[in-house]
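Colleague: My questions all concern the structure below.
Just so it is clear, none of the values below were taken in a lab; they were calculated from the coordinates. Note that the coordinates shown come from a computational prediction; the quantities given were computed from them, not determined experimentally. We place every Cβ from the backbone using ideal geometry, glycine too, and count neighbours over all the protein chains shown.
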Amino acid sequence: MTPKEKYLLQQRLNCALLRVEMIADIASELKVDSAMTLSQAQAGCMLRICKLEGKGCRRLREIGLCEEMQICKLSNGRNMLCSMCGTKLAVSRKLGEQVMVEVA
């Protein structure tokens, strides 16, 4: 390989690495903005709890829900069915509005 070819190859690699870094930065920014309520999340999604905030959340904490816990929202409706740690739990829409989640 000639020195010129090596130089051009190095420049292409540098550009590719820069693109990867830019994509990673954009992805991390999108993740920060991707928080939603449990009620807003689609059924079938694996979610991570970001924040439990509100009157009803005290009871959720007592039964074991906490920040950083992963849950799966199984169904939508007046009551949402969620699965966590091998247990299914029905959560009302009103209570689901107090649980902030992000896609896991």
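Colleague: Can you give the calculated 222 nm mean residue ellipticity of the chain, where each DSSP H run of n ≥ 4 adds -39,500 (n - 2.57) and the sum is split over every residue, rounded to the nearest 500 deg cm²/dmol?
Modeller: Values: 3 runs with 40 residues, N = 104.
Helices in the chain give a 222 nm mean residue ellipticity of -12500 deg cm²/dmol.
Colleague: Restricting to lysine pairs 8 or more places apart or on different chains, what number in the chain have Cα atoms under 22 Å apart?
Modeller: Going through the chain pair by pair, I get 10.
Colleague: When the dipole is taken about the Cα centre of the chain, and only Lys, Arg (+1) and Asp, Glu (-1) are charged at their Cβ, what size is it in debye, to the nearest 20? Mind dumping the intermediate values first?
Modeller: Numbers: 16 positive and 11 negative charges, 72 e Å.
The calculation lands at about 340 debye.
Colleague: Can you put Met80, Met46, Met1, Met22 in order of Cβ neighbours within 10 angstrom, beginning with the fewest?
Modeller: Values: Met80 21, Met46 13, Met1 7, Met22 10.
Ordered from fewest to most neighbouring Cβ atoms within 10 Å, Met80, Met46, Met1, Met22 come out as Met1, Met22, Met46, Met80.
Colleague: With Kirkwood radius over Cα pairs in Å in mind, check (i) 15.4; (ii) 14.6; (iii) 16.0 and report the label derived from this structure.
Modeller: So the structure-derived entry is (iii).
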